[in-house]
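Have a look at the structure below before the remarks.
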Amino acid sequence: MRNMVAPSILSADFSRMGEEVEMLEYCGADLIHCDVMDGSFVNPITFGSQMVKEIRKRTKLPLDVHLMIEHPQTQIENFARAGANTVTVHYEACYRIRKQYIKDTLYMIRAKGMRCGLVVNPSTPVEVVKPYLPLLDQVLLMSVVPGYGGKLFIPETLDKIRRLRSYILETGKEIDIEVDGGITESNVHSVLEAGANIIVAGSTVFNSPDKVVTIKRLRGENI
Ligand code: DX5
Ligand code: ZN
């Protein structure tokens, strides 16, 4: 599967979001990772579908929306209208509502013509996604506790990636494994080697003096 880099705009200058997104496209990003936080599922509040709608006007790149919110079903329609390409929802936000909630949410995302994904926190075993694999386009494994950028990569994630890749192989389906949090030019090789193919990176991209080179390196290119 193709390796892709999804810079997280959480580390962007929010007062210049349009230019930041154009810059990421110019520098070779594959996707734009949009971190939506509601102040409840995670403490910070970032932005909602209105911001995604504005970003949509500034780039042709697919928009990868990571919903760190409670009751994600209430927002699916809004993000579809805003032009999101992929919507991922947290297993932890869904399973406590009711058993069927996860499946219903994934179907709802699909019905709106978007790709769907399930996100798993560092403390949640990756095995919880197994029953949902037939419905998923991607799985997002958090490699930090969600809420903030610039935190250290949790090394136990590597084993979760390997296990998930083997479960996916058993299904015979092509499902992307996305990893989010604490990824740098030095640890990205182990993440890719373990079987991930979508790399989310916020601070590594935005702090880089040469974003073109950094994005290539995060994609696994030898440069
Ligand atoms: C964290 C977010 C991440 C974050 C990653 O809750 O989901 O997407 O922006 O930032 P870095 O790459 O700086 O860890
Ligand atoms: Zn994210």
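Computed values, structure above
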item	result
Identity of the residue in region 186-223, in contact with an Asp or Glu (Cβ under 9 Å, 6 or more places away or on another chain), not in a loop (DSSP other than H, G, I, E, B) and not aliphatic (A, V, I, L, M), that ends up surrounded by the most Cβ atoms within 10 Å (Cβ to Cβ)	THR204
Residues of region 126-155 classified as assigned to a loop (DSSP other than H, G, I, E, B) and either modelled with pLDDT under 95 or more than 16 Å from ligand 1 (Cβ to nearest atom) (or both), total	2
Subset of region 62-84 (residues that are part of a loop (DSSP other than H, G, I, E, B), touching a strand residue (DSSP E or B) at 6+ places or on another chain (Cβ under 7 Å) and without any contact (Cβ under 8 Å) to a residue 40 or more places away in the chain)	PRO62, ILE69, GLU70, GLY83
Scope region 1-59; condition in contact with a strand residue (DSSP E or B) (Cβ under 7 Å, 6 or more places away or on another chain), in a helix (DSSP H, G or I) and within 16 Å of ligand 1 (Cβ to nearest atom); matching residues	ILE9, LEU10, VAL21, LEU24, VAL52, ILE55
Contacts under 7 angstrom Cβ, first residue in region 181-205 being at pLDDT 95 or above and aliphatic (A, V, I, L, M), partner assigned to a helix (DSSP H, G or I) and surrounded by fewer than 17 Cβ atoms within 10 Å (Cβ to Cβ), 6 or more apart	ALA194/ARG162
Close pairs (9 angstrom Cβ cut-off, 6 or more residues apart or separate chains): farther than 16 Å from LEU136 by Cβ in region 158-169, of a type in the set (D, E, K, R) anywhere	LEU158/GLU193
Any hit, region 6-25, residues being within 16 Å of VAL179 (Cα to Cα) and acidic (Asp, Glu)	no
Lone qualifier among ASP180, ASP176 - being charged (D, E, K, R), under 17 Å from the mean Cα position of the chain (by Cα) and within 15 Å of ligand 1 (Cβ to nearest atom)	ASP180
Among residues of region 102-125, those that are among the polar types (S, T, N, Q) and surrounded by fewer than 14 Cβ atoms within 10 Å (Cβ to Cβ), counted	1
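Residue-wise test of (1) closer than 23 Å to VAL205 by Cβ; (2) away from ligand 2 (no atom under 14 Å from the Cβ); (3) in contact with a helix residue (DSSP H, G or I) (Cβ under 6 Å, 6 or more places away or on another chain); (4) not acidic (Asp, Glu).
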{"residue": "MET23", "(1), (2), (3), (4)": "yes, yes, no, yes"}
{"residue": "CYS34", "(1), (2), (3), (4)": "yes, no, yes, yes"}
{"residue": "ASN43", "(1), (2), (3), (4)": "no, yes, no, yes"}
{"residue": "LYS60", "(1), (2), (3), (4)": "yes, yes, no, yes"}
{"residue": "VAL65", "(1), (2), (3), (4)": "yes, no, yes, yes"}
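The values are calculated or read from the model by the stated rules, or taken from the named source; none is laboratory data. Treat the numbers as computed from the prediction; the structure is a model and nothing was measured. Ideal geometry is used to build each Cβ from the backbone, glycine not excepted, and the neighbour counts take in all protein chains shown.
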